[in-house]
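Scroll down for the structure; my scribbles are underneath it.
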Amino acid sequence: MQKKPNFVFILTDDQGAWALGRETPEIITPNLDRMSREGVYFRNFFCASPVCSPARCSIATGRLPSAHGVHDWLRSGNAARDALPPDMRKAFPEEREAVDYLSGMPTCFDVLRNAGYRMGLVGKWHMGDSMRPRPGFDTWISLLRGGCLYKHADVCVEGKARFIDQYVTDFFTDHAVRYLNGHPREPFLLSLHYTAPHTPWHHDQHREDMLALYDACDFPSHPLQKVHPHQVANMDVGDTEEKRRYFLKGYYAAISAVDEGVGRVLDALEKNGLAENTIVVFAGDNGMNLGQHGVWGKGNGTYPQNMYDSSVKVPFIVWGPGWVRRGAVVDNLISHYDILPTLCEYFGQTVTPNDPLPGESFLEELTRGRPPRDRRICILDEYGPVRMIRSRTHKLIYEGYQNGHQLYDLAADPGETVNHFGDPAYAAVQKELWEQLDRAFRRFSLAPFDGAKASPTGSGQLGPITREGENVFHPEIRLYWNEKEKNNCSIVNPERAL
């Protein structure tokens, strides 16, 4: 009987699908490029929400945010204030009690635990209660919240919270390699969740050798563009040539540091005789715009939130000698919420027999290959009352704040530049997608979590939703152009130290 493979799941934070050397040649990612050549490379992989916590909860549960209740990044509930050392408490003014936002929901981690896996987490959790190991995890080294300074990160190591001054990407890589060098009992899952390339992109926060890789780079894939009319003012915005190059250099350096860490993990697998029985998955939690469409940021880089492909498409690579196809490229549309059904099919499990889930297994794409096809249900995405449905050829966005609905013909206009919503020539396509979107969210939403009745601002979620329409979101909304007009722009000086 073939023994079960080990899994290493590497997840990055705010890395768009375009942010690999394979897609954007000026980005230096030799190890990820190698994985994409030797494994299965997915060109059309989507998050379920273009912001970290909802996307991560959808990876874990296979549910849309309207069925798990996390509709914005978690600003509170990450740690119990009383569990923190006194000198750390003032740095966490909005943390009171730890909240397990996934309580009672079966997850992909349960699938692995039921299959006999031991598990270790190293890195960002950001699904609530970051200090407490989940069942089945015997190693738990976590980031306390969602974002951090790269050289002064807040972490929890074996139940104790502290600040570290090591470059946080290297800190997580060191612990991942230590886990593998410790010869974990097989089968195992190592979840390595980097914070990179999330902001800050200021150069004093990154390694000089990684920054130096881009000293001569003009970043031709990101020409200076007029800032989007709905751009928010709390992002690093490259609105001048100087700032454009400055922030891109920091972002690229963060990715190259991750790539170095991936290489170290692959070397550790080889050194410890684990490479031939380990599947390595590399993914991003949500997409990212660095000037695409004039946006700086992900879905909440604008208000109302955006659903551009650069926000909702993520890198996804599966590498595993002897287990997955070698050198395959998959163009079929696949989502984070398909991961749970894929694991269930592989292990012959049924985790959620009562709750309908939108996902479907992509095991065939990994093992035998499958020709281009239309999904049973189109790709779905949401950020509160902003919802997207996407087929291979068209995208419809329902924007529930100001009724700024959008319809794009992706075959003719892959850059999403012409909005055909209301165009009589597209009436049939619009009607069909509108009805599919409505049916899908009626079917896959669960009370009280329906995002159509939520109002996330993009500035964070402060607690669990317990009643339909409950407003648990931070109220701050600051728009770039408003700030400019008031001559009180919050866009940071790129030379300012954090």
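The values are calculated or read from the model by the stated rules, or taken from the named source; none is laboratory data. Keep in mind it's a predicted model, so treat the numbers as computed, not measured. Reconstructed Cβ throughout: ideal geometry from the backbone, glycine too, with neighbour counts over all protein chains shown. Just the protein is used for accessible areas: all its heavy atoms, side chains included, with ligands, DNA and RNA removed. Shrake-Rupley method; radii C 1.70, N 1.55, O 1.52, S 1.80 Å.
Odds and ends about this structure:
- Given (1) at pLDDT 95 or above; (2) part of a helix (DSSP H, G or I); (3) surrounded by fewer than 24 Cβ atoms within 10 Å (Cβ to Cβ), index of the condition Glu276 fails: (1)
- Restricting Pro197, Pro229 to those that are within 30 Å of Phe109 (Cβ to Cβ) and not polar (S, T, N, Q) reduces the list to Pro197.
- Selection over the stretch 424-460 of residues that are outside any loop (DSSP other than H, G, I, E, B) and touching a residue at least 12 places away in the same chain (Cβ under 8 Å) gives a count of 14.
- Test: Leu224 is touching a residue at least 40 places away in the same chain (Cβ under 8 Å), over 24 Å from Ala283 (Cβ atoms) and of a type in the set (A, V, I, L, M): yes
- Top-ranked residue of the stretch 141-156 - restricted to ones that are open to solvent by 30 Å² or more (accessible area, probe 1.4 Å) and modelled with pLDDT of 95 or more, ranked as farthest from Pro93 (Cα to Cα): Lys151
- Screening Leu192 on (1) in contact with a Phe, Trp or Tyr (Cβ under 8 Å, 6 or more places away or on another chain); (2) more than 30 Å from Gly62 (Cα to Cα); (3) open to solvent by less than 30 Å² (accessible area, probe 1.4 Å) shows it passes everything except condition (2).
- Unmet criterion (only one of (1) in a strand (DSSP E or B); (2) open to solvent by 30 Å² or more (accessible area, probe 1.4 Å); (3) within 14 Å of Ala79 (Cα to Cα)) for Asp138: (3)
- Sole residue being open to solvent by 10 Å² or more (accessible area, probe 1.4 Å), not aliphatic (A, V, I, L, M) and not in a helix (DSSP H, G or I), chosen from Pro358, Pro321, Pro341: Pro321
- Taking the stretch 282-298 as the range and being closer than 11 Å to His230 by Cα and buried (at least 24 other Cβ atoms within 10 Å of the Cβ) as the test, the residues that pass are Val295, Trp296.
- Any hit, the stretch 178-195, residues being in contact with a helix residue (DSSP H, G or I) (Cβ under 7 Å, 6 or more places away or on another chain), part of a loop (DSSP other than H, G, I, E, B) and more than 16 Å from Phe137 (Cα to Cα): yes
- Enumeration of residues in the stretch 191-213 that are more than 24 Å from the chain's Cα centre (by Cα) and in contact (Cβ under 8 Å) with a residue 40 or more places away in the chain: Asp204, Leu213
- Hey, Arg132 in a strand (DSSP E or B), of a type in the set (Lys, Arg) and over 18 Å from the mean Cα position of the chain (by Cα) or not: no
- Any chance Ser76 is open to solvent by less than 20 Å² (accessible area, probe 1.4 Å), of a type outside the set (Val, Ile, Thr) and closer than 17 Å to Asn286 by Cβ: no
- The one condition in (1) closer than 19 Å to Met288 by Cβ; (2) modelled with pLDDT of 95 or more; (3) not charged (D, E, K, R) that Leu180 fails to fulfil: (1)
- Strands (runs of 3 or more DSSP E) (entirely within the stretch 370-423) containing at least 3 residues that are crowded, with 18+ Cβ neighbours inside 10 Å and more than 24 Å from the chain's Cα centre (by Cα): none
- Subset of the stretch 96-129 (residues that are more than 25 Å from Val262 (Cα to Cα), touching a residue at least 24 places away in the same chain (Cβ under 8 Å) and in a loop (DSSP other than H, G, I, E, B)): Ala98, Val99, Asp100, Tyr101, Leu102, Met105, Pro106, Thr107, Ala115, Gly116, Gly128, Asp129
- Only one of the numbered conditions (1) touching a strand residue (DSSP E or B) at 6+ places or on another chain (Cβ under 7 Å); (2) over 30 Å from Gly294 (Cβ atoms) is violated by Gln349, and that is (1).
- Number of the condition not met by Glu360 [criteria: (1) farther than 21 Å from Ser49 by Cβ; (2) without any contact (Cβ under 8 Å) to a residue 40 or more places away in the chain]: (1)
- Test result for Ala440, at pLDDT 95 or above and either touching a Cys at 6+ places or on another chain (Cβ under 8 Å) or among the β-branched types (Val, Ile, Thr) (or both): yes
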